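Read the structure below first, then the notes.
The values are calculated or read from the model by the stated rules, or taken from the named source; none is laboratory data. None of the values given here were measured: they were computed from a predicted structure. Note: ideal-geometry Cβ built from the backbone for every residue, glycine included; neighbour counts use all protein chains shown.
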């Protein structure tokens, strides 16, 4: 009898861990897709200098929020529009744009209240890292969300997921002329 109870508990724990892994994967995919959706580049700048930059940080932030809502099926209150056993509420925590121009990096950081602060890291190429420890080598977007996950026996767990997305990466290491 004790063995049976033990096996049921182990199975329940394994199922819970599996659900958490699935939820993390869903969140990471949504962050990547939303980050890419927000990366509307400045075509004029690219046409003149071949430098890829995000045109308007404020517009990119709004696009990110809308894309995240759509990718996760969230309503205006950042809660799922349909009942789901996994995600209860999503809270955008941080959104950062890294515009790389030669060796300098312009950084636009939005907090959970949508407040933006910006600065430039001169000669920052090769040394500036996103909060998830990704080295910034090209124009990139970082985002982090907090969310509640419904667990077994009514247990609700708060988790966070973060993702940095390169807009374009020069894999060959050659300079674009």
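General observations
- The listed residue being under 18 Å from residue 134 (Cα atoms) and either touching a strand residue (DSSP E or B) at 6+ places or on another chain (Cβ under 6 Å) or exposed (fewer than 15 other Cβ atoms within 10 Å of the Cβ) (or both), out of 97, 52, 87, 22: 97
- The residues in the stretch 57-78 that are in contact with a helix residue (DSSP H, G or I) (Cβ under 9 Å, 6 or more places away or on another chain), at negative phi and not in a helix (DSSP H, G or I) can be counted, and the count is 3.
- Top-ranked residue of the stretch 138-163 - restricted to ones that are more than 19 Å from the chain's Cα centre (by Cα) and assigned to a loop (DSSP other than H, G, I, E, B), ranked as modelled with the lowest pLDDT: 151
- Meets criteria (touching a residue at least 40 places away in the same chain (Cβ under 8 Å), touching a helix residue (DSSP H, G or I) at 6+ places or on another chain (Cβ under 7 Å), within 21 Å of residue 163 (Cβ to Cβ) and surrounded by 11 or more Cβ atoms within 10 Å (Cβ to Cβ)) for residue 16: no
- Within the stretch 126-137, the set of residues being touching a strand residue (DSSP E or B) at 6+ places or on another chain (Cβ under 6 Å) and either part of a strand (DSSP E or B) or surrounded by 15 or more Cβ atoms within 10 Å (Cβ to Cβ) (or both) comprises 128, 129, 130, 134, 135, 136.
- Annotation note: of 113, 99, the sole residue that is in a strand (DSSP E or B) and under 20 Å from residue 65 (Cα atoms) is 99.
- Condition check for residue 68: surrounded by 13 or more Cβ atoms within 10 Å (Cβ to Cβ), over 19 Å from residue 166 (Cβ atoms), in contact with a strand residue (DSSP E or B) (Cβ under 7 Å, 6 or more places away or on another chain) and modelled with pLDDT of 85 or more: no
- Here residue 33 qualifies as in a helix (DSSP H, G or I), out of contact with any strand residue (DSSP E or B) (no Cβ under 8 Å at 6 or more places or on another chain), buried (at least 16 other Cβ atoms within 10 Å of the Cβ) and at pLDDT 85 or above.
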